[in-house]
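Notes for the one structure printed next.
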Amino acid sequence: MKHILKLSQIASAAAMIFVTGTVTAQVATSAALPEGNAEFSTVLRAQQEALVPDRMMKSQERAATSARNVLGPTADTMNPDEAEAAIADRVPGFAGWVHSEDGKTVVRMTRSSGLFSGAEKQADQAKWKSMNTPSATFAKSLGENADVRKAQWDSRQLLDFKTKIFSMASTNGVIAVSIDRDANRLDVAYNEDLDAPSLQALTTRLAASGIPPAVMSMRAAELPKRSATVGTSLRSQPLPLAGGAQFNFPTSAGTFVCTLGVPARINGVQGFMTASHCSESVYSVSAGTRMTSPGGTFIGAESIDPAPRSCSLPDTLGCREADALFVSGGPGNAVDFGRIMYTSVNAGSLNVVGVLNVQGTLNYPSVGQTIYKTGRTTGTTRASVARVCVDTLVSEPDGNTYGALCSVEVATGSFIAGGDSGSSVWTYNGTGPVITGIVSYGSSNTGGFSPWGGVVKEFGTVTVR
């Protein structure tokens, strides 16, 4: 379900589960607690205790450096699946890596790496550190805290299996697939509405395609949907708008609301990023949707929303790696560049208690990484990444579907709700937000967002600080 809200029929909203919930708190303006003010400093310190510094980024930085050493600068243009498969083409047996909260890197290698002498599941560190093979040299490049653990399938095999499975995706079959690096398997989600005979037919079809049954972990899942959700908002942020503020946009179906993700600049033009479906037409700039503040002030129009590519699926709208668009053309004071508001974390409050300065970007988060978002419906929420690089179908109200490629998911429905679409997703480095994505879709037990690396692939360089 896409997380937009329509500004009408509030009585109907109370009956809508998950995407609704009457907003009862007025958001305080950021000007109410200016930086340097003693009260602001006290509130900021108290609230930042709930923001956990992310140590996982140390392991991610080492992995990124090792990837560049093997692949060159093209490593920075690849999503995690692509990069790990390319490394496996050059480093025998490489099967991906897992980053832990304490900054440790776990490297998966198959027997073909030569780092395992028998049936052991973890390679002897002293032994492989004394070796000079390509696989051992690569593992050593990840630092003293690297562990090497055995895998059955390398990263190239896993990506080939994943691509083949998603090519068979449909709304009445497989709806999403991703690589579970820790388990060295594929997480395959099928539509929970399938009856037993249909599920058996799907299993038979997958096995007949030549994909080893042992590589697939099957689970039932709700098909992510874009719903014509209704509701209202009591938010009233003045210009300039920082990340997390509500904005309104008209469509042929009525006026809807979404969340301003992050103020940004593209080719020197200032505006902001939000979700592509927060417009008249997803994956299309043809309508040139105009955006306004909650008070009705024009803040810009949809100016960049790249066309999708065909992905050979039974959809009508194509596929992209980022459900995102760029809004520009508003007045000079439309957005508060480089800043994101936050509320009490996971408290259900909409009162803004501080504004944080954006510290940078992270193209792709890792499984287990702590992430945050500030949205106009649920405020600032925290969750852990459950799945990365998920290729999934998303359903439109008219029955059409489109592909959201290499998305990132959390395994909770409370991270986002209707109207939070477009929110920026970020990690916290101890000082401020590190932007890692844009909220895209969800269901009753899943929240999905487009990783920042997908945004860069679709839009090129996007400056956020």
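If you go through segment 77-113 and keep only what is on the phi > 0 side of the Ramachandran plot and modelled with pLDDT of 90 or more, you end up with GLY93, GLY96. Has segment 449-465 got at least one residue that is over 23 Å from ALA220 (Cβ atoms), open to solvent by less than 10 Å² (accessible area, probe 1.4 Å), assigned to a loop (DSSP other than H, G, I, E, B) and of a type outside the set (Lys, Arg)? Yes, segment 449-465 contains at least one residue that is over 23 Å from ALA220 (Cβ atoms), open to solvent by less than 10 Å² (accessible area, probe 1.4 Å), assigned to a loop (DSSP other than H, G, I, E, B) and of a type outside the set (Lys, Arg).
Would you check if PHE247 is over 30 Å from ARG90 (Cβ atoms), in contact with a strand residue (DSSP E or B) (Cβ under 8 Å, 6 or more places away or on another chain), open to solvent by less than 10 Å² (accessible area, probe 1.4 Å) and in a strand (DSSP E or B)? Yes; evaluated as a whole, the condition is true for this residue. Any residue at all in segment 267-276 that is open to solvent by 10 Å² or more (accessible area, probe 1.4 Å) and touching a strand residue (DSSP E or B) at 6+ places or on another chain (Cβ under 6 Å)? So far as segment 267-276 goes, yes, one or more of its residues are open to solvent by 10 Å² or more (accessible area, probe 1.4 Å) and touching a strand residue (DSSP E or B) at 6+ places or on another chain (Cβ under 6 Å). Taking the criterion of being closer than 30 Å to HIS99 by Cβ, out of contact with any helix residue (DSSP H, G or I) (no Cβ under 7 Å at 6 or more places or on another chain) and not in a loop (DSSP other than H, G, I, E, B), the residues of segment 179-205 that qualify are ASP180, ASP187, ALA189. Among the residues of segment 286-322, those that are outside any loop (DSSP other than H, G, I, E, B) and within 21 Å of VAL174 (Cα to Cα) comprise ARG309, CYS319, ARG320.
Scanning segment 60-88 for residues that are more than 22 Å from PHE166 (Cβ to Cβ), surrounded by fewer than 17 Cβ atoms within 10 Å (Cβ to Cβ) and touching a residue at least 24 places away in the same chain (Cβ under 8 Å) yields THR65, ASN69, ASP76.
Could you tell me whether any residue of segment 161-175 is in contact (Cβ under 8 Å) with a residue 60 or more places away in the chain and open to solvent by 30 Å² or more (accessible area, probe 1.4 Å)? Looking for residues that are in contact (Cβ under 8 Å) with a residue 60 or more places away in the chain and open to solvent by 30 Å² or more (accessible area, probe 1.4 Å), one finds at least one in segment 161-175, hence yes. Residue pairs whose Cβ atoms lie under 8 Å apart, sitting 6 or more positions apart in sequence or on different chains, and linking a residue in segment 183-197 that is hydroxyl-bearing (Ser, Thr, Tyr) to a partner that is surrounded by fewer than 21 Cβ atoms within 10 Å (Cβ to Cβ), are TYR190/GLY173; TYR190/LEU199; TYR190/LEU202; TYR190/MET218; TYR190/ARG219; TYR190/ALA220; TYR190/ALA221.
The values are calculated or read from the model by the stated rules, or taken from the named source; none is laboratory data. Keep in mind that what you see is a predicted model, and the values were worked out from it rather than measured. Cβ coordinates were reconstructed from backbone atoms using ideal geometry, including for glycine residues, and neighbour counts include every protein chain displayed. Accessible surface areas use protein heavy atoms only, side chains included; no ligands, DNA or RNA. Shrake-Rupley method; radii C 1.70, N 1.55, O 1.52, S 1.80 Å.
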